[in-house]
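First comes the structure, then the notes that go with it.
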Amino acid sequence: MSLAFCGNENNSVAYNVDGGVLNNGCFLDALNVVPHVFLLFITFPILFIGWGSQSSKVHIHHSTWLHFPGHNLRWLLTFVLLFILVCEIAEGIVSDGFSQSLHLHLYMPAGLAFMAGITSIIYYHNIETSNFPKLLLALLIYWVLAFIMKTIKFAKYTEHGIGPRQLRYCITGLLVLLYGLLLAVEINVILGRRYMCFADPTEVKPPEDLQDLGVRFLQPFVNLLSKATYWWMNTFITSAHRRPIDLKVIGKLPIAMRALTNYMKLRKAFEDQKVSGTAPQGPKLIWQALRKAFGRPLMLSITFRFMADLLGFAGPLCISGIVHHISKDNRTIQQPMSLLGIYFISSKEFLENAYVLAVLLFLALLLQRTFLQASYYVAIETGINLRGAIQTKIYNKIMRLCTSNMSMGELTVAQICNLVAIDTNQLMWFFFLLPNLWAMPVQIIVGVILLYYLLGISALIGATVIAVLAPVQYFVATKLSQTQKSTLEYSSERLKKTNELLRGIKLLKLYAWEHIFCDSVEETRGKELTSLQAFALYTSISIFMNAAIPIAAVLTTFVVHVHISEDADLSPAVAFASLSLFHILVTPLFLLSSVVRSTVKALVSVQKLSEFFSSDEIGDEQEPRAMLTSGSSNHNQNRYQAVVSSGINSGYFTWTDGPPTLSNVDIRIPFGKLTMIVGQVGCGKSSLLLAALGEMQRVSGTVTWNRRVTSFLSLQGENSTVLKRGAVAYASQKPWLLNATVVENITFEMPMIKSRYKAVIEACSLQPDIDILPQGDQTEIGERGIILSGGQKQRISVARSLYQQTNLVFLDDPFSALDIHLSDHLMQDGILKLLREEKRTVVLVTHKLQYLPHADWIIAMKDGTIQTEGTLKDIQNCEPELFEQWKILMHRQDQDFEKAASMTDLERKNLRRAMYSREAVRTEEDEEEESLESDDDDNMSQVMRQRATIPWRSCGTYLSSAGVLLLSLLLLSQLLKHSLMVAIDYWLAHWTSQVIEAKINATARNCTVAQACGFSHSWYLSIFSVLCCLGIILCLATSVAVEWTGLKVAKELHQQLLHKIVLAPMRLFETTPLGSILNRFSTDTNTIDQHVPTTLECLSRSTLLCVSALGVISYVTPVFLIALLPLAVTCYFIQKYFRMASRDLQQLEDSTQLPLLSHFSETVEGLTTIRALRYEPRFRQRLLQYTDANNIASLFLTAANRWLEVRMEYIGACVVLVAAVASITNCLYNHLSTGLVGLGLTYALMVSNYMNWMVRNLADMEVQLGSVKRINGLLKTEPENYEGLLTVTQVPDGWPRQGEIKIQNLSVRYDTTLKPVLKNVNAHINPGQKVGICGRTGSGKSSFSLAFFRMVDMFEGRIVIDDIDIAKLPLQTLRSRLSIILQDPILFSGTIRFNLDPEMKATDEMLWEALDIAQLKPVVKSLPGGLDAAVTEGGENFSQGQRQLFCLARAFVRKSSILIMDEATASIDMATESILQKVVMTAFADRTVVTIAHRVHTILNADLVIVMKRGIILEYDRPEALLEKEDSVFTSFVRADK
């Protein structure tokens, strides 16, 4: 076949120019080549030179921001133009198929136009990025030429009577229109930018976001193609491979997406609602405001979704068309009409070409996927913006909340945190799923109509099956969420028990009670597992239904279809098109349950939000009020009146709507002086301060705030103006700290002044505490940092008030948690010195009456009213009885001062202990880190390599926990199920091909109906039904197997973990933070319980589906395998890059959420302090930063997911194209059966979905296997050696009877890697001796006591008790025969009986006797239930002293002949301590008692004293003997203690 531009048939019509050149069709086409050639020649050199030079000069963000006018329109028009040009090329090729020689002119001009179209947009893009609009001249000329040429061609066609019946006529008309529009866009650019024909071109500035190089989120700024394919994310995602993604890498949010911008939008919407007059109330108001603020982007998302769904139906229709046309018996098509010397075809003929349909299908798929991802993206972005706006609104509301709501328990911190953490997220998800609500009905209606068109009435029956099963799915979904709730209750109970077990682990080990508590946790875990079984059952039902519904629907449809009509048209075209349609129909029904659930949750959340937004706020004090005062309160205060700082006049204040808490309050607070407020507990002292700060609801009266010098008229006079209150430094009774460093807590956003800071630290005696902390005053404290004691917190809180430079300082009982020495120091150095020198007005609420003489002004309160006010002298004169009463109290407090023991030392000691164990861990970690850091470069690449690999080992651990039987069942059922699925579809293909052959035979043999020629559907149908039923059964089997495996593994892993932890040596708990062990039991166990099984199921299912689909396509058309290789490689790299970026972004999203939530809870707790200091703006600012950080992580995560999906969908579309073209060719030339073509195409359509799911599940799986890995890490810990050389039976029953202890050459260390803490200690303790051990902190006293219980590593020497070496005993036996009282009293939640005797061995008499000895009998008797009275968690319902006494009783119940007291009296007051001493002397008279002393005077009457230093014994003698030596260390200790 020869090649010529106009073809070379013998008839010379092609070259005939008799009727003028323009009437020759070929010449018209030749004319159309001119503009395209012109553009290609002109632009290539410019692009070439431009690309070479622009790389370095252009500003980085230029490529994104500069959009010429009509930018988006131009991209859209160019896309449409390219699509129509593809159609024109295809039309040319198809119509050329009818002539003998090749007519190049039918498709070559269109091909050139296609190239020119692509060139035009590339050229435009480059000009736009380099901002050089003059070069657009070339495009202007091109559009003009192209428009003119096409118009000439169109006019000639019309002239020759070619009309809309011919496809080429329509295409030419459309092209004229498009070129015209593009020309208009080009002219618009000239008018907009005035770069030619105008004297002054316009200056263009980038948007302010992009002047700031911190913005890396470019989605709003890039061009349309990059927006649709997320092209700008490429560099971002690939760079994750080189270094982990953190907040620095992702930069800031664009202005339009910041929380503040969105909050303003939302606020405006709310205000507009209120202005309109007919404002709806409650939740409706919120919905309408949300609609107004965020409705438009949602409409856009819904529109995209509609378009995607409608394009989705192109798949089944094209398959139907392709299969239908290649299965036509006679492939002859009538000759097309010839005009102007060339052939024209109609659009019907064009669409009957299978290849054309394949290309159209490919394009439809690309478009559909792009629209779908765009819809998702817009919806999620809107959801994230909305979440930011609502969180900001909640925060602003918190700032104005009435504190009474909090104190009366109407709102708790937890509720507010739930609003932020849960409800805003519910709303976000609702907005994300909202487009589905609109799209589902459309999808279902269109799908059913198409099915009806293909199959008739039987389609409706199949659709009914789906519809009937949808409510069942909804029911299962609701059941699922219910079981999840009950599981949650059990798991929180289990966590509570685990928490207690871990907190008291030392005591449990010392008393050998681990197994009791372990069993109790196991029991709760059992209940939780029962609940999890229900959860697993419903999950498996839901998985089963998802798989089985389409099979059932297809089965019923085909059965009915064959039975209804005698001559049923069951061709492959119909069968496979309807199969694809069923797959499309099932999707909205899966989503239905989650969308409905999400909607319900969103409605509830909005209800909660509306209640919260309508709760009470505090009043504004801005507007001046006229002041009315009675002149009565003007007796003896003349000398203070000139400098009054603030006052309250006849004020009535209340917290709630009931009677006022404070009534008839008339007070003055003198300026620059110290005012003290005193009174009984609960008489309204704190309320008075809060009333002055405006925190209470004012019923009547006034509060005045005056600046420095104003005459007293301001209180009485009518013409005064009320000044707005300035900042007040306020220290509340319950200290409030930020989650920040010590410095940040004290300076509190004020500039750091070294000298001032030092003075404040000194006044609050914080230096010793700071020295203990690992990083000094840069140590994090608060919830996430180091836990401080009450006194330490209080001192930091007071230090903050001292440091602030406000005129007024309100201190609310700052001495409550401090011991007497510290209180005095704070009073003298802090209040009297620091604050007085600065002439600051101080109001101090206190119970310590001994400070009254320092006060300049005293306010005494009683029952919410002012009893009296004045100086101490005034009160002595006016209220002598009150003064006497005070005097007695002062005297008593001074006596306390004599006795008071230093609590502070103890607090510091505890802190030091906590730090010591942390330090030990830290040094170990540091050593490891140092060894790692040396090879830093290799290290980085190694870390990267580790990040790139999937933790297969954890996967192995997970699966191996399930056991061989379950695993083989799991694998077998999965493989069988997928083989069956393929078999069902293959049989359908075989059956339908047979139908067609039967028809052909029927026409050959002239039977009217196929059945008459002996063809029967029934055999095929019965096999089809059997396969389908088997498929449904296997679906159930696999889903049950997966969940069953999950349950077994969850059970196994938790059991192993619990046993390992309980039997682990103490060292583990001292070096591992409790929180991280608890996390293994909470989040990680939860992940393994609920998430891993489903992810595993999804992953295996999508992988197998993918493999089976590709297998089927390759079987149908083996050529496909060649194309598969490059696609597979691309896929591999995409998923590899995506997984790393996705994991980093997920972690980033989680880690940015924590500070946000804790900022909310901090603010709620410290509201009064923040408001008193007038710091609201600063805290709002910080909130915005946290919200934006969290939102940008979420946005990047979304964009990354879309990036992956778009790429996978495009690869899927390529698979469809290759499969379609290959199978059509195969069918036309190698006579492949049409049924198999349908089968191949149906599978090809599904591939992209499966691939997406596969990669997403891989990424999820990787994150979730982290939990298995962490738990596995803990499972490797070596347990303590519980076995002894002697068996339990060999140990004498009453051992130890005497209680004789011989310590021989004992050396002890905490761990094989650490230095010894006791070195070669020798001692001999006779039966019944009372021994005291003393020494400074860290001298090894406690290690000495732990050695008796083998809690530490005894690597030398031995301890012999009653002639048995304790190293030979089983641990359980040894520990159960000795008793110890620890320094920290530990009680467990449960009953008193359980606390004294968890083993339930003792009788009631024994328990009462023990309580009597410990002086607790009256206390317990008075409690409801006596011995069965409840003890709350940690024993919070008893005082510290009582708790210590309970521990004593516990030791007594155990009647062992050796008792060890480890600093047991450290945390109790003198009185209780003397009781304890007496008890020990009497009750334990005949037993051996070893006391480790905190205060030396407690061991003065011991039989033997051991003084230790650095792990060795310094002195060992009777106390009297040691005291006689003047220079003995013991003597110096005793002196120091006095």
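The values are calculated or read from the model by the stated rules, or taken from the named source; none is laboratory data. The model shown is predicted, which means the values in this text are computed figures rather than measured ones. Cβ atoms come from the backbone with ideal geometry, glycine included; neighbour counts cover every protein chain shown. Please note that ligands, DNA and RNA were not included when accessible areas were found on the heavy atoms of the full protein model with its side chains. Shrake-Rupley method; radii C 1.70, N 1.55, O 1.52, S 1.80 Å.
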Inset, instruction - For the chain, return all DSSP H helices satisfying: extent of Cα atoms along own axis at least 15 Å; mean Kyte-Doolittle hydropathy at least 1.0. - result: 25-57, 71-96, 137-159, 167-193, 314-326, 424-455, 572-613, 1017-1063, 1092-1116
Inset, instruction - Please give the FRET efficiency for Leu975 paired with Ile1033, using the beta carbon to beta carbon distance and R0 = 22 Å, rounded to the nearest 0.05. - result: 0.90
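Over the range 119-268, with every protein chain in place, what whole percent of the accessible area is carbon and sulfur at 1.4 Å, could you tell me?
Solvent-exposed carbon and sulfur of the range 119-268 make up 68 percent of the total.
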Inset, instruction - Quote the relative contact order of the chain in percent (integer), defining contacts as alpha-carbon pairs under 8 Å separated by 6+ residues. - result: 10 percent
Inset, instruction - Mind giving me the nanometre distance, one decimal, between the label points for Arg165 and Val1026, set 7 Å out from Cα along Cα→Cβ? - result: 5.5 nm
Legend entry - Sequence-distant lysines (8 or more away, or on other chains) whose Cα lies within less than 21 Å of Lys758: Lys793, Lys833, Lys839
Inset, instruction - With a 1.4 Å probe and every protein chain left in place, tell me how much accessible area Leu106 has, in Å² to the nearest 10. - result: 10 Å²
Legend entry - Separation in nanometres of the label points that stand 7 Å from Cα toward Cβ, at Lys754 and Lys1315: 3.4 nm
Inset, instruction - Select from the range 1474-1538 those GluC sites (Glu not before Pro) which occupy a DSSP coil region and have at most 14 other Cβ atoms within 10 Å, ordered by residue number. - result: Glu1526
Inset, instruction - Using per-residue counts of other Cβ atoms within 10 Å, averaged over each peptide, order 1412-1418, 172-178 from highest down. - result: 172-178, 1412-1418
Inset, instruction - Using θ = phi - 60° and the Karplus relation 6.51 cos²θ - 1.76 cosθ + 1.60, list the HN-Hα couplings for the range 1520-1527 in order, rounded to whole Hz, with x at every Gly or Pro. - result: 4, 4, 5, 5, 5, 6, 5, 9
Legend entry - Listed peptides 1401-1409, 287-295 by packing density, highest first (mean Cβ within 10 Å): 287-295, 1401-1409
Inset, instruction - Go through Leu386, Leu437 and list them by solvent-accessible area, largest first, probe radius 1.4 Å. - result: Leu437, Leu386
Inset, instruction - Would you work out what percent of the accessible area of the range 1207-1249, with all protein chains in place, is carbon or sulfur (probe 1.4 Å)? - result: 66 percent
Inset, instruction - Could you list which residues have their amide H under 5 Å from that of Val728, counting only those 5 or more apart in sequence or on another chain, with H placed in the peptide plane? - result: Leu1173, Arg1174
Legend entry - Label-point gap, in nm, between Asp1412 and Asn72 - each point 7 angstrom along Cα→Cβ: 8.8 nm
Inset, instruction - Pick out, from Gly388, Phe5, Ile1088, the residue whose Cα sits farthest towards the positive end of the charge dipole of the chain, with +1 on the Cβ of Lys and Arg and -1 on the Cβ of Asp and Glu. - result: Phe5
Legend entry - Charge dipole of the chain about the Cα centre (unit charges at C-beta), most positive-ward option of Gly1357, Pro1418, Leu1204: Leu1204
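Got a sec? What order do Glu1070, Glu884 fall in by accessible area at 1.4 Å, biggest, i.e. largest, first? Each step should come with its number before you reach the end.
Details: Glu1070 55, Glu884 95 Å².
If we order Glu1070, Glu884 from most to least accessible, we get Glu884, Glu1070.
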Legend entry - Derived scalar couplings ³J(HN,Hα) [the range 804-814; Karplus, 6.51 cos²θ - 1.76 cosθ + 1.60; whole Hz; x for Gly, Pro]: 4, 9, 9, 6, 10, 10, 10, 10, 9, 6, x
Legend entry - Ile1492 long-range amide H proximity, modeled H, under 5 Å: Ile1333, Met1461, Asp1462, Glu1463, Ala1464
Legend entry - Estimated FRET transfer efficiency (Asn418, Ser968; beta-carbon r; R0 45 Å; 0.05): 0.50
Inset, instruction - Kindly rank 589-599, 1376-1386, 867-877 from highest to lowest mean number of other beta carbons found within 10 Å of each residue. - result: 1376-1386, 589-599, 867-877
Inset, instruction - With all protein chains present, calculate the accessible area of Met1254 using a 1.4 Å probe and round the result to the nearest 10 Å². - result: 60 Å²
Inset, instruction - Considering Cα pairs under 8 angstrom that are at least six residues apart, work out the relative contact order of the range 742-869 and quote it in whole percent. - result: 25 percent
Legend entry - Under 27 Å from the Cα of Lys1048 - lysines, other chains or at least 8 residues apart: Lys479, Lys485, Lys496, Lys497, Lys527, Lys977, Lys1060, Lys1269, Lys1276
Inset, instruction - Pull up the cross-link candidates among the lysines for Lys153, meaning alpha carbon to alpha carbon under 26 Å and not fewer than 8 places away within one chain. - result: Lys348
Inset, instruction - Rank these by accessible area, largest first, 1.4 Å probe: Lys977, Lys227. - result: Lys227, Lys977
Inset, instruction - Return the long-range amide H neighbours of Lys848 (sequence gap of 5 or more, or a different chain), with a cut-off of under 5 Å between placed amide H atoms. - result: none
Legend entry - Selection of trypsin sites (Lys or Arg not before Pro), the range 393-465, meeting DSSP coil and at most 11 other Cβ within 10 Å: none
Inset, instruction - Set Lys and Arg Cβ to +1 and Asp and Glu Cβ to -1, take the dipole of the chain about its Cα centre, and tell me which of Leu31, Leu135, Ile746 lies farthest positive. - result: Leu31
Legend entry - Relative contact order [Cα under 8 Å, 6+ residues apart], the range 1087-1215, whole percent: 35 percent
Inset, instruction - Rounded to the nearest 500, what is the 222 nm mean residue ellipticity of the chain from helices alone, with -39500 (n - 2.57) per DSSP H run of 4+ residues and division by all residues? - result: -21000 deg cm²/dmol
Legend entry - Where Cα atoms sit under 24 Å apart: lysine pairs in the range 202-284 separated by 8 or more or lying on different chains: 9
